[in-house]
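Note sheet for the following structure.
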Amino acid sequence: MISQPLQTETHINQGVAVVSLRGDINGGAEAALQTAYDAATLQGAGPVLLNFGSVGYINSTGIALIVGLLARARKEHRQLLACGLSDHYREIFEITRLSDFMTTCADEPTAVAGAVLA
């Protein structure tokens, strides 16, 4: 399987910084994830939504990177949400208990509607 480098795009949707992710989340995605999170948080103190709708693959290192973003968000008292997870990755988030600390929603509109705005 050929790895697809992670690409990100950030926009604001009703006060929520949305990071759209496209490609694979693995060890090579660390810089892209950190840069995207930094760009999202520069938009203000509001929640950050990670949209996984175009992510093809997440390995264990990728999960660790997401855990790192979650730890950073919690330290900043910032809500971190996720949407667009496939059934497989939604199950992985439940098994790893990421979903206990990060609200997961089916899609962006649902996540934005449920976000807690500062």
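General remarks:
- For q = 0.22, 0.23 Å⁻¹, Debye-computed log10 I/I(0) when each Cα of region 1-115 counts as one equal scatterer: -1.34, -1.49
- Region 56-118: translational diffusion in µm²/s, Stokes-Einstein, Kirkwood Rh over Cα pairs, 37 °C, 0.692 mPa s: 269 µm²/s
- Within the listed set Asn59, Asn26, Asn51, the Gaussian network model of the chain (springs between alpha-carbon atoms below 10 Å) gives the highest mean-square fluctuation for Asn59.
- Segment Ile2-His77, extension gain: residue separation times 0.36 nm, minus the distance between their alpha carbons: 23.3 nm
- Computed lengthening from Gln43 to His11, 0.36 nm per intervening residue step minus Cα-Cα distance: 10.6 nm
- In plain terms, the chain from Val67 to Ser99 could stretch by 10.4 nm, reckoned as 0.36 nm per residue minus the Cα-Cα distance.
- On the principal axes of its alpha carbon atoms, region 6-67 extends 31, 18, 16 Å, with the longest extent given first.
- Note on the chain: GNM, Cα springs under 10 Å; of Ala82, Ala31, Ala40, the largest mean-square fluctuation is that of Ala31.
- Helix-only CD estimate at 222 nm, as mean residue ellipticity for the chain, using -39500 (n - 2.57) per DSSP H run (n ≥ 4): -12000 deg cm²/dmol
- Heavy atoms of the protein chains alone define the surface here; on that basis the chain has 53 Å² accessible area per residue at 1.4 Å probe size.
- Each of Ile58, Gly27, Ser86 was placed along the dipole of the chain (beta-carbon charges, centred on the mean Cα), and the one lying farthest toward the positive end is Gly27.
- For the chain, the fraction of 1.4 Å probe accessible surface lying on carbon and sulfur atoms is 52 percent.
- Dipole magnitude of the chain, debye to nearest 20 (Cβ charges: Lys/Arg +1, Asp/Glu -1, about Cα centre): 280 debye
- Degrees separating the helix 60-75 axis from the principal Cα axis of the chain, which is the longest one: 20 degrees
The values are calculated or read from the model by the stated rules, or taken from the named source; none is laboratory data. All values reported here derive from a predicted model rather than from experimental measurement. All Cβ positions, even for glycine, are placed from backbone atoms using ideal geometry, and neighbour counts span all protein chains on display. Heavy atoms of the whole protein, side chains included, go into the accessibility calculation; ligands, DNA and RNA do not. Shrake-Rupley method; radii C 1.70, N 1.55, O 1.52, S 1.80 Å.
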